[in-house]
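Student: Below is one structure. I have some questions about it.
The values are calculated or read from the model by the stated rules, or taken from the named source; none is laboratory data. Values in this document were obtained by computation on a predicted structure and should not be read as measured data. Backbone-built Cβ (ideal geometry, glycine too); neighbour counts: all protein chains shown.
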Amino acid sequence: MSDLDAYRTKAAAWLESMVPTYGKEARKGLSVEEDLAIARQYQRAKFDAGYAGINWPTEYGGQGLGHLEKVTFDGEEMKHGFPSFYFGISLGMPIPVLMQFGSDKEFVKERVLKALKGEEIWCQLFSEPSGGSDLAGLRTKAEADGNGWRINGQKIWTSWAQYSDYGVIVVRTDPNVPKHKGLTYFWVDMKAPGVTVRPIKLVGGDSHVNEVFFDDVKISDDHRMSPVGGGFAVAIATLMIERYVATDSAGFGPHLDLFVDLAKDTELNGKPAIEDGRIRQQIARNYAMRSGLQSITARAMAMMQAGMVPGPEGSLNKLVAVRSRQKLSELAIDLQGSGGFAYDDHASQKENWTSSWINAPTGRIAGGSDETLLNTIAEKILGLPQDHRPDKGVPFNQIPA
Amino acid sequence: MSILYDEGQQAIATESRRVLEARVNKDELLPLLEVTGKYHDGFWNTAKEQGWTALALPEAYGGLDLGLVELGLIAHQAGRSLSGAPFLTGSFGAAKAIELYGSDEQKAKYLPGLASGETIGAVAFASGSNALPTLPSVTLTDNRLDGTSTGVAGGLAADIAVVYANGPGMPVLVVADLTNVARNAIDSFDNSRLYADLGFAGTPAETLVVGGAARDAALHVLALQAVITAHEQTGGAEAMMEIARDYAVTRRAFGQVIGAFQSIKHRIAELYGFVELARANCIHAASREGQADFVTAAAAARISATEAYDSASRDCVQIHGGMGVTWELGLHLHTRRARSLAIEQGNLLFWEDVLVDRLTGEAA
């Protein structure tokens with residue numbers, strides 16, 4: 001047995017032991033607040049067992065292991081419906097960025113440990129009503145104020161902001177230069193005076209995203225994580241981390257095995273649907289697509305482990321996976337015919353086709369819309385021309401509205 | 001086996017690409033379409049000279065003892081340059097069938113010639129729409145074959161063929177000498193693949209495997225060939241994507257290069273997705289040779305590579321507009337090859353069923 005197989009076996013056994021307390025059955029019927037409380041306990045248990053910060057440096061409380069161990073654990077963890085998603089953003093982007101760019105090492109270490117234990121949650125304040133796909137078009141501003149800064153403006157689509165203790169934020173510090181050059185990256189205390197969080201109810205009925213308003217929120221200059229005017233580079237570094245954090249070949253929807261089970265259990269024209277060529281074709285093509293993505297991710301992890309830089313093909317993950325999840329979910333509902341109407345807004349989108357389907361459009365927009373991702377692939381990888389860009393080289397405050 | 005190519009493997013890819021780009025051009029390939037029975041002998045001579053025919057065969061029989069990963073890298077380049085003679089897969093498949101299931105005498109008799117490229121092998125499993133028929137149309141009686149194998153790739157030039165036959169009453173995998181076999185040339189849309197119906201009439205054949213094991217063996221050989229073909233398809237798809245890209249950044253319309261239009265740039269970006277998924281599945285499948293999930297991985301590679309090559313050749317021609325469909329540009333060489341490779345080694349429908357059978361643990 002390879003070391004990695006041994007690691008997998010041990011992790012799987014530990015995860016199995018957590019199922020009675022934290023698995024999907026144990027979580028049924030809980031309110032979000034009760035669920036989050038359980039989730040914090042689960043995160044703490046992971047930390048105590050050595051499964052938090054698997055591939056993070058030991059000096060920050062991580063395990064100092066490789067990316068392969070991390071994906072191995074994640075793959076096993078995904079099988080049980082544990083409430084790990086509350087910490088997905090926090091531990092996915094803001095905390096790694098804090099480790100890389102935070103200036104006060106003692107403060108950073110304390111935050112990282114608390115986040116790893118599930119005691120604190122971080123959010124990522126990027127999108128704005130006027131700047132979603134156009135990240136550099138954001139308008140929330142920070143103006144110099146004594147030794148620090150004063151933030152005013154509005155962010156939107158901020159996941160878990162209502163439960164967050166801190167956030168990382170990109171704001172405009174200079175409107176007189178072209179838009180990419182006038183941005184600065186800070187961290188901000190979400191409990192500070194002037195911060196207002198308002199949850200947004202999404203199509204599936206849940207409210208994990210929020211509008212966040214900043215009214216004269218004062219921060220000191222040691223909150224700054226980039227040079228003044230150098231925030232865009234750190235924002236891009238954050239998004240690059242996200243590219244590999246946010247990988248799930250199922251597109252954050254149900255595992256293909258669930259579709260196979262459904263097709264075996266459903267009758268179509270008097271025969272099991274699994275015998276129907278249309279159904280078989282979809283299973284086969286989805287499998288081929290998902291196995292391709294898994295191989296891309298595995299290769300990327302192996303490259304990082306070997307100290308190499310992964311290829312750009314990782315940018316395909318969300319684009320390909322979420323689109324196909326949307327279609328497969330439609331087919332799964334179709335397949336159930338008049339039995340397909342039921343909807344439970346508490347059902348997990350990883351286990352329930354209807355929930356997966358109704359939330360899929362969110363997935364095709366969040367973290368870069370399909371169109372933005374296609375543009376990125378076309379322009380950055382294939383060298384095709386940029387779209388017409390009237391904002392290019394123009395000072396932000398002179399861009400035609 | 002690692003899923004990252006090591007330095008030696010990368011060198012194989014670079015060198016085979018260099019050699020093929022220097023020796024193959026479309027002006028040699030286009031005339032092959034207009035006659036029946038000619039293949040690109042420049043490619044085959046190169047393959048022999050470079051040792052590609054010996055690459056994945058055992059050292060004891062004149063091979064180089066490398067594997068699917070290395071041969072796949074060469075197939076990828078052959079697909080890019082469109083040169084690949086059908087023997088790259090057929091001779092390899094025949095040799096692997098003999099290596100895996102033959103006696104020592106059979107290996108000694110056939111493998112050195114197949115490794116050097118002096119013997120050309122073919123694989124004849126299909127019967128019309130069935131890639132692996134339940135009841136093969138060729139029958140074996142007293143070590144002699146009778147009946148017809150349809151659409152055998154490389155069939156016009158092969159010296160020997162590994163044939164899936166009816167025993168009778170049970171399937172058998174045999175190796176047949178094609179010296180006196182009737183070869184009915186198929187005038188094809190991709191003539192350089194040398195498709196032929198092979199008419200067996202009392203043709204001497206040596207048995208490799210008998211009974212239920214013969215079907216498993218045939219599927220395994222088909223899977224080995226499918227992985228090589230999938231690499232070739234991915235290479236072709238990659239070439240089409242790059243040709244489309246290069247055209248889109250030079251051709252101008254409405255005052256700008258056409259690659260600036262999202263209808264064009266997104267189409268090419270989508271092709272990138274097809275190509276990279278196919279490549280990833282190919283690398284994975286090649287690395288799973290000898291593992292329990294090899295056929296599953298081969299099927300996934302084959303499905304995604306077929307989708308990639310068809311999509312890329314279709315869209316590349318579309319992006320070129322009228323020029324795309326001319327003999328002058330020769331893009332149709334890829335259009336043709338995309339379809340011929342889609343049928344060789346079992347079509348998409350076949351591999352989809354194989355894959356779903358494996359995933360569900362039962363056949364439809």
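Student: Return yes when B:Gly169 is more than 24 Å from B:Lys38 (Cβ to Cβ) and in a loop (DSSP other than H, G, I, E, B) and no when it is not.
Tutor: yes
Student: Go through the residues of region A:383-396 one by one and say whether even a single one is part of a helix (DSSP H, G or I) and either surrounded by fewer than 22 Cβ atoms within 10 Å (Cβ to Cβ) or not hydroxyl-bearing (Ser, Thr, Tyr) (or both).
Tutor: Checked region A:383-396: at least one residue is part of a helix (DSSP H, G or I) and either surrounded by fewer than 22 Cβ atoms within 10 Å (Cβ to Cβ) or not hydroxyl-bearing (Ser, Thr, Tyr) (or both).
Student: Same structure, new question: Only one of B:Ala60, B:Ala54, B:Ala22 is small (Gly, Ala, Ser) and either touching a residue at least 60 places away in the same chain (Cβ under 8 Å) or surrounded by 15 or more Cβ atoms within 10 Å (Cβ to Cβ) (or both); which?
Tutor: B:Ala54
Student: Sticking with this structure for a sec: Here are some conditions: (1) surrounded by 15 or more Cβ atoms within 10 Å (Cβ to Cβ); (2) small (Gly, Ala, Ser); (3) at positive phi. A:Gly64 meets all but one. Which one does it not meet?
Tutor: (1)
Student: Read through the list (1) crowded, with 21+ Cβ neighbours inside 10 Å; (2) on the phi > 0 side of the Ramachandran plot; (3) free of Cβ contacts under 8 Å to residues at least 60 places away in the same chain, then give the number of the only condition that A:Gly53 fails.
Tutor: (3)
Student: From the list B:Ala300, B:Ala286, pick out the single residue that is buried (at least 19 other Cβ atoms within 10 Å of the Cβ), within 30 Å of B:Ala122 (Cβ to Cβ) and more than 7 Å from chain A (Cβ to nearest Cβ).
Tutor: Residue meeting the stated conditions: B:Ala286.
Student: Residue under question is B:Tyr61, and the condition is that it be at negative phi and within 14 Å of chain A (Cβ to nearest Cβ); does it hold?
Tutor: No: the conditions fail for B:Tyr61.
Student: Residue by residue through region B:251-277, note down the ones that are at the interface with chain A (Cβ under 7 Å from one of its Cβ atoms) and either on the phi > 0 side of the Ramachandran plot or small (Gly, Ala, Ser) (or both).
Tutor: B:Gly259, B:Ala260, B:Ala269, B:Gly273
Student: Among the residues of region B:319-364 satisfying the criterion of being in a helix (DSSP H, G or I) and in contact with a Gly (Cβ under 7 Å, 6 or more places away or on another chain), which is farthest from the other protein chains (Cβ to nearest Cβ)?
Tutor: B:Arg337
Student: Tell me the strands (runs of 3 or more DSSP E) entirely within region A:130-188 that contain at least 1 residues that are surrounded by fewer than 20 Cβ atoms within 10 Å (Cβ to Cβ) and among the aliphatic types (A, V, I, L, M).
Tutor: The strands (runs of 3 or more DSSP E) meeting that bar are A:141-145.
Conditions (1) out of contact with any helix residue (DSSP H, G or I) (no Cβ under 8 Å at 6 or more places or on another chain); (2) in contact (Cβ under 8 Å) with a residue 40 or more places away in the chain; (3) of a type in the set (Val, Ile, Thr); (4) outside any strand (DSSP E or B), marked per residue:
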residue: A:Phe213; (1), (2), (3), (4): yes, yes, no, no
residue: A:Val217; (1), (2), (3), (4): yes, yes, yes, no
residue: A:Val228; (1), (2), (3), (4): yes, yes, yes, yes
residue: A:Ala233; (1), (2), (3), (4): yes, no, no, yes
residue: A:Ile236; (1), (2), (3), (4): yes, no, yes, yes
residue: A:Glu242; (1), (2), (3), (4): no, yes, no, yes
residue: A:Asp248; (1), (2), (3), (4): no, yes, no, yes
residue: A:Gly251; (1), (2), (3), (4): no, yes, no, yes
residue: A:Pro254; (1), (2), (3), (4): no, yes, no, yes
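Student: Looking at (1) within 21 Å of the chain's Cα centre (by Cα); (2) touching a residue at least 40 places away in the same chain (Cβ under 8 Å), can you tell me which one A:Thr140 breaks?
Tutor: All conditions are met except number (1).
Student: Another one. Quick one: in region A:268-279, which of the residues that are part of a helix (DSSP H, G or I) and in contact (Cβ under 8 Å) with a residue 12 or more places away in the chain is nearest to the other protein chains (Cβ to nearest Cβ)?
Tutor: Filtering region A:268-279 for residues that are part of a helix (DSSP H, G or I) and in contact (Cβ under 8 Å) with a residue 12 or more places away in the chain, the one nearest to the other protein chains (Cβ to nearest Cβ) comes out as A:Ile274.
Student: Moving to a separate point now. Mind listing just one residue for me: the one in region A:380-399 that is out of contact with any strand residue (DSSP E or B) (no Cβ under 7 Å at 6 or more places or on another chain) and of a type in the set (A, V, I, L, M) and, of those, farthest from the other protein chains (Cβ to nearest Cβ)?
Tutor: A:Ile399
Student: Could you list, in sequence order, the residues of region A:377-401 that are in contact (Cβ under 8 Å) with a residue 12 or more places away in the chain and among the basic types (Lys, Arg)?
Tutor: Scanning region A:377-401 gives A:Lys380, A:Lys392.
Student: Do you know which residues across region B:193-208 are crowded, with 21+ Cβ neighbours inside 10 Å and either at pLDDT below 95 or not polar (S, T, N, Q) (or both)?
Tutor: If the condition is that a residue be crowded, with 21+ Cβ neighbours inside 10 Å and either at pLDDT below 95 or not polar (S, T, N, Q) (or both), then B:Arg193, B:Leu194, B:Tyr195, B:Ala196, B:Leu198, B:Phe200, B:Ala205, B:Leu208 are the ones that fit.
Student: Starting from residues that are out of contact with any strand residue (DSSP E or B) (no Cβ under 8 Å at 6 or more places or on another chain) and either among the aliphatic types (A, V, I, L, M) or outside any loop (DSSP other than H, G, I, E, B) (or both), keep the ones in region B:121-151 and report whichever is surrounded by the fewest Cβ atoms within 10 Å (Cβ to Cβ).
Tutor: For region B:121-151, the residue satisfying everything is B:Thr141.
Student: Pick from region A:2-50 the residues that are assigned to a loop (DSSP other than H, G, I, E, B) and within 25 Å of the chain's Cα centre (by Cα): which of them is surrounded by the most Cβ atoms within 10 Å (Cβ to Cβ)?
Tutor: It comes out as A:Gly23.
Student: While we're here: What number of residues within region B:326-358 satisfy the criterion of being touching a Leu at 6+ places or on another chain (Cβ under 8 Å) and closer than 30 Å to A:Leu256 by Cβ?
Tutor: Number of matching residues: 5.
Student: Given the residues A:Ala321, A:Ala263, A:Ala300, which is the only one that is under 27 Å from B:Ser304 (Cα atoms), at pLDDT below 95 and within 11 Å of chain B (Cβ to nearest Cβ)?
Tutor: The match here is A:Ala300.
Student: Can you find even one residue in region A:230-252 that is out of contact with any Ser or Thr (no Cβ under 8 Å at 6 or more places or on another chain), among the charged types (D, E, K, R) and within 9 Å of another protein chain (Cβ to nearest Cβ)?
Tutor: No, every residue in region A:230-252 fails to be out of contact with any Ser or Thr (no Cβ under 8 Å at 6 or more places or on another chain), among the charged types (D, E, K, R) and within 9 Å of another protein chain (Cβ to nearest Cβ).
Student: Take A:Ala284 and tell me if it is facing another protein chain (nearest Cβ under 8 Å) and either crowded, with 22+ Cβ neighbours inside 10 Å or within 27 Å of B:Val295 (Cβ to Cβ) (or both).
Tutor: Yes.
Student: Quick test for you: out of A:Leu293, A:Leu316, pick the one residue that is within 14 Å of chain B (Cβ to nearest Cβ) and free of Cβ contacts under 8 Å to residues at least 60 places away in the same chain.
Tutor: Selected residue: A:Leu293, the only one of A:Leu293, A:Leu316 that is within 14 Å of chain B (Cβ to nearest Cβ) and free of Cβ contacts under 8 Å to residues at least 60 places away in the same chain.
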